[in-house]
1. How much net charge surrounds Q17 when only other residues with a Cβ under 13 Å from its Cβ are counted (Lys, Arg +1; Asp, Glu -1)?
2. Which residue fluctuates the most in the chain, going by a Gaussian network model with Cα springs under 10 Å, if the choices are V25, V67, V92?
3. Answer with one residue from Q39, Q24, H57: the one whose Cα lies farthest towards the positive end of the charge dipole of the range 1-71, charges on Cβ with Lys, Arg +1 and Asp, Glu -1.
4. Between L36 and T198, how high is the FRET efficiency from 1/(1 + (r/R0)^6) when r is the Cβ-Cβ distance and R₀ = 22 Å? Nearest 0.05.
5. Measuring from centroid to centroid over Cα atoms, what is the spacing of the range 11-55 and the range 155-202 in Å?
6. Over all distinct alpha-carbon pairs, what is the Kirkwood Rh of the range 173-254 in angstrom?
7. For V49, list long-range residues whose amide hydrogen, built 1.01 Å from N in the peptide plane, is under 5 Å from its own amide hydrogen.
8. Can you list the aspartates and glutamates whose alpha carbon is less than 14 Å from that of K141, not counting same-chain residues fewer than 8 positions off?
Amino acid sequence: MLTAITRDISASMAACQLSFVERQVIDLELARAQHLAYQQALTAAGCQVHALPALDHMPDAVFVEDVALVLDELAVMTRPGAASRRDEGTSVAAALASWRTLLHIEAPATLDGGDVLRMGRTLYVGASARSNDAAIEQLRKLLFRWDYHVIQVPMKDCLHLKSAVTAVDDHTVLVNRAWVDLQAFAGCRLIDVDPTETHAANVLRVGQTLIYPSCFARTGARLRAAGYTVVELDVSELQKAEGAVTCCSLVFST
Ligand code: CIR
């Protein structure tokens, strides 16, 4: 069975961290409706959704992906790069402890889950402003005995590695080549985002389903033409908070 941990939208979401997008007014009611539709899409794709209550004093807490890496054998609680996000993990850790042994990234390391793309036993980790070299070192040491291979990936001009590249199956990635050094992905098949849709490389793979923002119609058509099952969602309000579809859940086998 698949489980997805999510967290309801914070009342203070308007005060979210922003790095590469301009601040715009977020319609909280619409954000909540879009988040509900996202949870419903997770359920339809085969997940049992475990929704945590909102943390109204933590604007970015809906983006649960950033606070933990859930692997088959264990979970690693990260130490997010933005200081305002460091306490979001406590309740996620409490939930995850039912399913996984927890390990922890410690200071001075900082790591956002949005920078970690897992493909098989390989963890690609973006060298972003949020995730530092100390985190790579700690991940390597923590995960060595479970045979995970940690590769640092140069990237630029976007928040997280998974803003630039995500997996659509075990051997194929959806990518915006302008934002990421693809050397590490030499063995993968590549699908490029449409050149007019720069933010379109983030797709959430759940079993055989790809959950994907409806605003990227051209790239969505490319995914369909390549034979994938694509479920499109309007996530405009989450995008205004610099969020994407992977960042609102932690999906894992239970
Ligand atoms: C932040 O800047 O931390 C949030 N406003 C957005 C985080 C999005 N997370 C993700 O893509 N994994």
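1. Taking every other residue near Q17 into account, the sum is 0.
2. Highest fluctuation among the options: V25.
3. Value: Q39.
4. Calculated value: 0.20.
5. 23
6. Result for the range 173-254, one decimal place: 13.5 Å.
7. Residues meeting the amide H criterion: A4.
8. Partners found: E106, D133.
Read-outs: derived from the displayed coordinates by stated rules, not from any lab. Note that the structure is a prediction, hence the values are computed from the model and not measured. Quick reminder, even Gly has a Cβ in these numbers, built from the backbone with ideal geometry, and neighbours come from all protein chains shown.
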